[in-house]
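Notes follow the structure.
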Amino acid sequence: MLPESPVTDAADARARARQALPRLIFDYIDGAAGQGDGEADNRRSLRAIRLQPRILRDVRERSLATQIFGQDYDLPFGVAPMGMCNLAWPGADRMLARLAAAENIPLGVSTVASSSLEEMLTLSEGRAWFQLYYSGDGSGTLRLVERARVAGYQTLVLTVDVPEVGRRPREVKQGFGMPFRIGARAFTDFALHPRWSLTTLMHGSPALGNFTSADALAGHVFDRTESRAGADWAFFDRLRETWPGNLVVKGVLNPADALDLRERGADAIQVSSHGGRQLDSGLSPIHALTSVRTALGPDFPVFYDSGLRSGEDVLKVLALGADFAFFGRPLQFSIAARREQGLREYWDSVKTELSVGMAMVGQTRIADIGPDAIIAGAEAATADA
Ligand SMILES: Cc1cc2nc3c(=O)[nH]c(=O)nc-3n(C[C@H](O)[C@H](O)[C@H](O)COP(=O)(O)O)c2cc1C
């Protein structure tokens, strides 16, 4: 039996996920680096931006459709790659893949997804983008790239902001580890959340879908503790030579890095702070967005994630120069709150807010949304989200 009332927004999804999930799991998903300042700053900075309403423009015919890499998408936002989504609820990965197919949007499939990259590509009806983590000496990484190519992936997302996994005190406190185990230490926590615990027990402990024992025989292994720090420009060049499809680089906050990446053949830059999970004292990516866009000029594809919670947030980042946006935590929370139905309810809320927001700022097409949708210099003083 699902809780009855629909998910209304990201805060509602988060509050209900907090009730539904064992603390260990909630803290893993919700957590951030250090004291959580990076994450709080993402929210503060986005909330502080004020939209500029315009009036008496005929905005009856609005379209949320857009194009990336020559491909039509129905919305300017998609699913950020997230590892181990099935911790939020068994089958969460597949719910996200079905969402991508139904809504015609890109689906980020993490290296450490709960389901295999092949299955996610099939379930999303070809809309999956494979997210790559470099690890060890890079040889296993390139084997994985080849596997994604053979599977039929056309877009690869290289995540570059995890040279080491950020230290997240909430994970440390709860004893969260990978591979995930239901240990005696968390027994009370699980006992207090029987619905999650029983469903998870029935489906078996969530595993890494790309690294089963069969995959290990084919040479695909992943060790979360293995250093990812060896990734360098030489690796990037090698990857660019190897990968024939679109190459997105995720986790870029510095305009000089963005320019170097374009020079060396990247096809898109994703401005992101990994949802504040990597640095406590980093720059909120919303502040990097304008400088990255300015450095790259108007035409180079720039994507954005971190801290987005609503359709108005999407409108803001599009106005500040992003071509496309990605959501992370709220998708997992809406699943934890009300499974696939909760995910669709939250998703619809974002669509509606974006559409209403466009009407309010007097725009009817995604491509026309620009800086004039924002009130320059009118950042609001906001409390913590
Ligand atoms: C639980 C969780 C797992 C994540 N796993 C990955 C991952 O495997 N690869 C990756 O590139 N980013 C990963 N991310 C980061 C997201 O892709 C994205 O950058 C971030 O969640 C956006 O911020 P938001 O959660 O505030 O929307 C993860 C984020 C969360 C919350």
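The values are calculated or read from the model by the stated rules, or taken from the named source; none is laboratory data. These figures come from a predicted structure and were not determined experimentally. Backbone-built Cβ (ideal geometry, glycine too); neighbour counts: all protein chains shown. These area figures cover heavy atoms from the full protein model, side chains too; ligands, DNA and RNA do not enter into them. Shrake-Rupley method; radii C 1.70, N 1.55, O 1.52, S 1.80 Å.
Going by what's in this entry, would Leu96 be described as at negative phi, modelled with pLDDT of 95 or more, assigned to a helix (DSSP H, G or I) and within 14 Å of the ligand (Cβ to nearest atom)? If you could, list the steps in order and put the result at the bottom.
Numbers: at negative phi: yes; modelled with pLDDT of 95 or more: yes; assigned to a helix (DSSP H, G or I): yes; within 14 Å of the ligand (Cβ to nearest atom): yes.
It is true that Leu96 is at negative phi, modelled with pLDDT of 95 or more, assigned to a helix (DSSP H, G or I) and within 14 Å of the ligand (Cβ to nearest atom).
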Exercise for the section: Residues being out of contact with any strand residue (DSSP E or B) (no Cβ under 9 Å at 6 or more places or on another chain) and open to solvent by 80 Å² or more (accessible area, probe 1.4 Å): count how many of those fall in region 38-59. Expected result: 6
Practice task
Report, by residue number, each residue of region 125-158 that is over 16 Å from the mean Cα position of the chain (by Cα) and assigned to a loop (DSSP other than H, G, I, E, B).
Solution key: Glu125, Gly126, Tyr134, Ser135, Gly136, Asp137, Gly138, Gly152, Tyr153, Gln154
Completion exercise
Residue set Asp137, Asp161; condition out of contact with any strand residue (DSSP E or B) (no Cβ under 6 Å at 6 or more places or on another chain) and either modelled with pLDDT under 95 or within 12 Å of the ligand (Cβ to nearest atom) (or both); output residue Asp137
Handout entry: Residue satisfying all of: in region 261-285; under 17 Å from Thr159 (Cβ atoms) and part of a helix (DSSP H, G or I); nearest to the ligand (Cβ to nearest atom) among these
Key = Gly275
Exercise for the section: Starting from region 273-293, take each residue that is of a type in the set (Asp, Glu) and list its partners that are assigned to a loop (DSSP other than H, G, I, E, B), counting only C-beta distances under 8 angstrom and pairs at least six apart or across chains. Expected result: Asp280/Ala32; Asp280/Ala33; Asp280/Gly34; Asp280/Gln35; Asp280/Gly36
Exercise for the section: Check whether at least one residue in region 337-347 is crowded, with 17+ Cβ neighbours inside 10 Å, in a loop (DSSP other than H, G, I, E, B) and touching a helix residue (DSSP H, G or I) at 6+ places or on another chain (Cβ under 8 Å), and report yes or no. Expected result: no
Problem - Residues located in region 212-237, provided they are under 17 Å from Val112 (Cβ atoms) and touching a Leu at 6+ places or on another chain (Cβ under 8 Å) - result: His220, Phe222
Exercise for the section: Could you look through region 320-358, keep only residues that are β-branched (Val, Ile, Thr) and within 16 Å of the ligand (Cβ to nearest atom), and pick out the one that is nearest to Asp372 (Cα to Cα)? Expected result: Val350
Practice task
Could you check, for region 172-181, whether at least one of its residues is part of a helix (DSSP H, G or I), open to solvent by less than 40 Å² (accessible area, probe 1.4 Å) and touching a residue at least 12 places away in the same chain (Cβ under 8 Å)?
Solution key: no
Handout entry: When residues of region 298-319 are limited to those that are touching a residue at least 24 places away in the same chain (Cβ under 8 Å) and open to solvent by 20 Å² or more (accessible area, probe 1.4 Å), the one farthest from the ligand (Cβ to nearest atom)
Key = Phe300
Exercise for the section: Return yes or no: is Leu75 away from the ligand (no atom under 15 Å from the Cβ) and open to solvent by less than 10 Å² (accessible area, probe 1.4 Å)? Expected result: yes
Exercise for the section: Can you run down the residue pairs with Cβ atoms below 7 Å, 6 or more apart or on separate chains, where the first is in region 193-207 and free of Cβ contacts under 8 Å to residues at least 60 places away in the same chain and the partner is of a type outside the set (Lys, Arg) and not in a helix (DSSP H, G or I)? Expected result: Ser205/Phe180; Ser205/Ile182
Completion exercise
For region 202-252, the count of residues that are in contact with a Ser or Thr (Cβ under 6 Å, 6 or more places away or on another chain) and either open to solvent by 50 Å² or more (accessible area, probe 1.4 Å) or at positive phi (or both) equals 2
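Being of a type in the set (A, V, I, L, M), more than 16 Å from the ligand (Cβ to nearest atom) and either at pLDDT 95 or above or in contact with an Asp or Glu (Cβ under 8 Å, 6 or more places away or on another chain) (or both) narrows it down to one residue among Ala231, Ala288, Ala295; which is it?
Criteria check complete, one pass: Ala295.
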